[in-house]
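Single-structure report; data block below.
The values are calculated or read from the model by the stated rules, or taken from the named source; none is laboratory data. This one's a predicted model, so the numbers in the text were calculated from it and none came from an experiment. Here Cβ is always computed from backbone atoms with ideal geometry, including for glycine, and neighbour counts include all displayed protein chains. Note: areas computed on protein heavy atoms with side chains; ligands, DNA, RNA excluded. Shrake-Rupley method; radii C 1.70, N 1.55, O 1.52, S 1.80 Å.
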Amino acid sequence: MNTKLTLLQQNDTHGCLEAHPEFFWHSDRPVYRNAGGFDRIASYVKQLRKQSSNVLFVDGGDVFHGTAPLVLSEGNMMTELLNAMGLDAMVPGNWDYAYGPEQLHRLSTQLKFPVLAANLHSNDPNLMYEPYVIKEFQGCRVGIVGLTYPHVHETMPPSFSEHVKFTLGTTELTTLIPRLRTEEHVDLIVVLSHMGLPLDIKLASLVPGIDILLSGHSHDRIERPIVTNGTFIVQSGANGSFIGRIDLEYDGTRITDIRHELVTLFEDEYESDPETADIIQRIISPYADILSPAAGKLMTPLHRMTLNEAPMDRLITDAYKHTTGADVTFSHGWRYGAPVLPGTLTTKDLYNIIPTNPRIFMMELEGKDILNALETNLEQVMAPDPFQQKGGYLLRSSNLAMAFKPYNPRGHRIQHIEIGGRPLDLHKTYRVAGGGEQVLKKYKEGRKLLEIDAHEAIRAYLDHFPQGLAVDDKIYIHNI
């Protein structure tokens, strides 16, 4: 008997509950169009389910963190909305651990669908999740295995991984896949992952028997599926702006046809689901007064869509430099954060730009330490072994220029660095500022927390541009 099945994936929504400006390349320049929103996702899913009962809808993680309502409620405001979406399963993303594993587990107990994580381990059974779930569609049994982000304990603050540990999932999958085939009589195996696309591709190359791998974490917009070791791999962007859709036919022994589409949910092309829109407005309305105050004016758009540097992060590090007078300032190379267009910047936008809102630190570092920190960051982002890639984008900075060769060996990528227009002196002591304990985390000695946080620094910086700030778009970080 032939079974037709549709798989739908959302991943890395990061609290983008409503339609918002989204970044797209057109020819050689960025353009922005409104897209996304959980109401459009819900509408799309409901329309498909009216046509067929064989629809599997999953979430690839980073769903409890990213914008103000989520952060201020520690994810609690999301459970009602997620339950209304009709999801069949989800896997935790790295930012879903932001409020601690205990809070993440409390959130998961309020959901009407399973949270899966075969590579999460703990001595506390209350913090564990099921490794897989099985769904049946007209006699076709589909096993969905979850893999959470494996490097939480290395790349995120310690509170994210208290009482739990993570693995790459290869050992677990090697055991689970034969069990699913022989004991559970599963026909198709789907891995729902928040490992990141490069890690997922290597994983599929090492572990046979995966039919479909739904990747997350790295925010890749995969329009042409990747096939590795017989595994069909896709990922579906970020910010709730996209749905990944796979349509397949299974004849009882194998997949006979498979097609993929990355659906971009443009606001003017896709309908909003009224019931979901009502839920969104109700759960975000308590935060309206907190988030509406103006923080300043922008004359140029902000985005975080480029690897080496981006205007959204330039605003942060320029504000840090203005506040501290440091020789060089740093911020994380995050991937999350929907674009912000010119106009009035509000408190809501500040949380979109930097939801963690860390206090700023100051410290002194010798030039050799700055060089080593930047080389370490380049290795985390560009390690030849995907399993060793632990970064997002490059560490962001102000008052620093750098040229590097991405394919050089570890510790030898950087060809030239300047701070304040002068070549880096390895023996000189520089004043360094940043935000967040993971920035230059190896260097703790002498770090002093200031009585100002990131949002306050950005507000103070914007006060100096009453007519509006045009963020510098000059390129300072070059790969050569």
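If the condition is being open to solvent by 50 Å² or more (accessible area, probe 1.4 Å), farther than 23 Å from Gln47 by Cβ and part of a loop (DSSP other than H, G, I, E, B), then the range 252-290 contributes Thr253, Arg254.
State yes or no: is Leu116 farther than 22 Å from Thr356 by Cβ and in contact with a Ser or Thr (Cβ under 6 Å, 6 or more places away or on another chain)? No: the conditions fail for Leu116.
Are any residues in the range 211-236 out of contact with any Phe, Trp or Tyr (no Cβ under 9 Å at 6 or more places or on another chain) and either part of a loop (DSSP other than H, G, I, E, B) or modelled with pLDDT under 95 (or both), and if so, which ones? Write out each step before concluding.
At the first step, the residues of the range 211-236 found to be out of contact with any Phe, Trp or Tyr (no Cβ under 9 Å at 6 or more places or on another chain) are 214-215, 218, 220, 222-224, 227-235.
Ser218, Asp220, Ile222, Glu223, Arg224, Asn229, Gly230, listed by residue number.
Residues in the range 448-465 that are surrounded by fewer than 16 Cβ atoms within 10 Å (Cβ to Cβ) and basic (Lys, Arg): Lys448 only. Note on the range 1-25: among residues that are in contact with a His (Cβ under 8 Å, 6 or more places away or on another chain) and outside any strand (DSSP E or B), the one that is surrounded by the most Cβ atoms within 10 Å (Cβ to Cβ) is Asn11.
Close Cβ contacts (under 7 Å, 6 or more residues apart or on different chains) running from residues in the range 202-228 that are over 17 Å from Leu116 (Cβ atoms) and open to solvent by 30 Å² or more (accessible area, probe 1.4 Å) to residues that are part of a loop (DSSP other than H, G, I, E, B) and not aliphatic (A, V, I, L, M) comprise Ser205/Asn229; Pro208/Asn229; Arg221/Gly237.
Residue pairs whose Cβ atoms lie under 6 Å apart, sitting 6 or more positions apart in sequence or on different chains, and linking a residue in the range 329-349 that is farther than 21 Å from Asp12 by Cβ to a partner that is assigned to a helix (DSSP H, G or I), are Thr329/Thr317; Thr329/Tyr320; Thr329/Lys321; Thr347/Leu291.
For the range 124-148, a tally of residues being farther than 17 Å from Leu7 by Cα, part of a strand (DSSP E or B) and open to solvent by less than 60 Å² (accessible area, probe 1.4 Å) returns 1. If you check Asp28, Asp39 for being charged (D, E, K, R) and surrounded by 15 or more Cβ atoms within 10 Å (Cβ to Cβ), only one passes: Asp39. Restricting attention to the range 336-364, the residues that are in a strand (DSSP E or B) and more than 21 Å from the chain's Cα centre (by Cα) add up to 10. Residues in the range 44-80 that are part of a strand (DSSP E or B) and surrounded by fewer than 24 Cβ atoms within 10 Å (Cβ to Cβ) were compared, and the one that is nearest to the chain's Cα centre (by Cα) is Phe57.
Going residue by residue through the range 191-201, is there one that turns out to be assigned to a helix (DSSP H, G or I) and either open to solvent by 20 Å² or more (accessible area, probe 1.4 Å) or more than 21 Å from Val63 (Cα to Cα) (or both)? Yes, some residue in the range 191-201 is assigned to a helix (DSSP H, G or I) and either open to solvent by 20 Å² or more (accessible area, probe 1.4 Å) or more than 21 Å from Val63 (Cα to Cα) (or both).
The selection criterion, being open to solvent by less than 20 Å² (accessible area, probe 1.4 Å), touching a Gly at 6+ places or on another chain (Cβ under 9 Å), touching a residue at least 12 places away in the same chain (Cβ under 8 Å) and not small (Gly, Ala, Ser), does not hold for Leu426.
Take the range 149-186 and flag every residue that is within 30 Å of Gly139 (Cβ to Cβ), open to solvent by 40 Å² or more (accessible area, probe 1.4 Å), among the charged types (D, E, K, R) and not in a loop (DSSP other than H, G, I, E, B).
Narrowing the range 149-186 to residues within 30 Å of Gly139 (Cβ to Cβ): 169, 172-186.
After this cut, where a residue has to be open to solvent by 40 Å² or more (accessible area, probe 1.4 Å) as well, the list is 174-175, 178-179, 181-185.
Now drop any that are not among the charged types (D, E, K, R), which leaves 179, 181, 183-184.
Hits for the range 149-186 are Arg179, Arg181.
Please work out if Asp96 is crowded, with 21+ Cβ neighbours inside 10 Å, assigned to a helix (DSSP H, G or I) and within 15 Å of the chain's Cα centre (by Cα). So Asp96 passes the test. In this structure, does Met90 turn out to be at pLDDT 95 or above and closer than 30 Å to Thr346 by Cα? Here the answer is no, as Met90 does not meet what is asked. Among residues of the range 125-146 being free of Cβ contacts under 8 Å to residues at least 40 places away in the same chain and among the charged types (D, E, K, R), the one that is farthest from Leu188 (Cα to Cα) is Glu130. The condition (being at pLDDT below 95 and of a type in the set (Val, Ile, Thr)) is satisfied by just one residue among Thr148, Thr155, Thr79, Thr170: Thr155.
Counting only residues that are part of a loop (DSSP other than H, G, I, E, B) and either in contact with a Gly (Cβ under 9 Å, 6 or more places away or on another chain) or open to solvent by 60 Å² or more (accessible area, probe 1.4 Å) (or both), how many does the range 110-123 have? Spell out how you get there, then give the answer.
Narrowing the range 110-123 to residues part of a loop (DSSP other than H, G, I, E, B): 110-114, 117-119, 123.
Pick out the ones that are also either in contact with a Gly (Cβ under 9 Å, 6 or more places away or on another chain) or open to solvent by 60 Å² or more (accessible area, probe 1.4 Å) (or both) and you get 110, 112-114, 117-119, 123.
Of the residues in that region, 8 qualify.
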